[in-house]
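Written out below as structure tokens is the structure these notes cover.
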Amino acid sequence: VQLQASGGGLVQAGGSLRLSCAASGGPFSAFHMGWFRQAPGLEREIVAAIDWINNAKYYTDSVRGRFTISRDNAKNTVYLQMNSLKPEDTAVYYCAAEIGSIWRPRDPDKYDYWGQGTQVTVSS
């Protein structure tokens, strides 16, 4: 399974970006998908996740109401729409896929496949 993340860039505070993560080589419709981020000197943290069974969504508190995760199984792609961006959102964003019926969105150790990361930089 390969995950290809794209859509990062430089944006001013208050702006928007949409990240995409295209999956290949596996049954995307049976993957739980997550977006994580890692800023310099900090641990990787969950941003948002979506399961494959019920399309349930999880958001970390700092992005709830500003970010929206979605998936298009026909295109094997998961998206992260990021609005009202803040400088503290600056990080490398990674998509990840978890196989299985039990959804554990917050634990990066439970994800089986990772994309290469895309840089998001928000200027003040």
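Output the relative contact order of the stretch 17-124, whole-number percent, from Cα pairs under 8 angstrom with separation of 6+ residues.
32
Give the separation of the Cα centroids, the stretch 6-25 to the stretch 39-86, in Å.
Spelled out, the Cα-based centre of one part sits 11 Å from the other.
Pop out the ³J(HN,Hα) list for the stretch 45-59 in order, Karplus 6.51 cos²θ - 1.76 cosθ + 1.60 with θ = phi - 60°, rounded to Hz; leave Gly and Pro as x.
10, 5, 10, 7, 8, 9, 8, 9, 7, 10, 6, 5, 10, 10, 10
When ligands, DNA and RNA are left out and all protein chains stay put, how many square angstrom of accessible area per residue does the chain have with a 1.4 Å probe?
50
What's the carbon and sulfur percent of the chain's accessible surface, probe 1.4 angstrom, rounded to a whole number?
46
So which aspartates and glutamates can residue 110 reach, going by Cα to Cα under 17 Å and dropping same-chain residues fewer than 8 places off?
Within the straight-line cut-off, residue 110 pairs with 43, 45, 51, 98.
Give, as a single signed number, the net charge of other residues whose beta carbon lies under 12 Å from the beta carbon of residue 67, with Lys and Arg counted +1 and Asp and Glu -1.
+4
Heavy atoms only, 1.4 Å probe, whole protein assembly: order 35, 103 by accessible area, highest first.
I get 103, 35, largest accessible area first.
Given Cα positions, please report Rg to Rh for the chain, the hydrodynamic radius being the Kirkwood one.
Rounded to two decimals, Rg/Rh equals 0.94.
Using a 1.4 angstrom probe on the protein heavy atoms only, could you order 37, 106, 18 from most to least accessible area?
Final ranking, largest accessible area leading: 106, 18, 37.
How much accessible surface area, in Å² rounded to 10, belongs to the heavy atoms of residue 19 with a 1.4 Å probe?
The accessible area of residue 19 comes to roughly 0 Å².
The values are calculated or read from the model by the stated rules, or taken from the named source; none is laboratory data. Treat the numbers as computed from the prediction; the structure is a model and nothing was measured. Because the Cβ atoms are built from the backbone with ideal geometry, glycine has one as well, and the counts that use them run over all protein chains shown. Quick note on the areas: whole protein, heavy atoms, side chains included, nothing else; ligands and nucleic acids left out. Shrake-Rupley method; radii C 1.70, N 1.55, O 1.52, S 1.80 Å.
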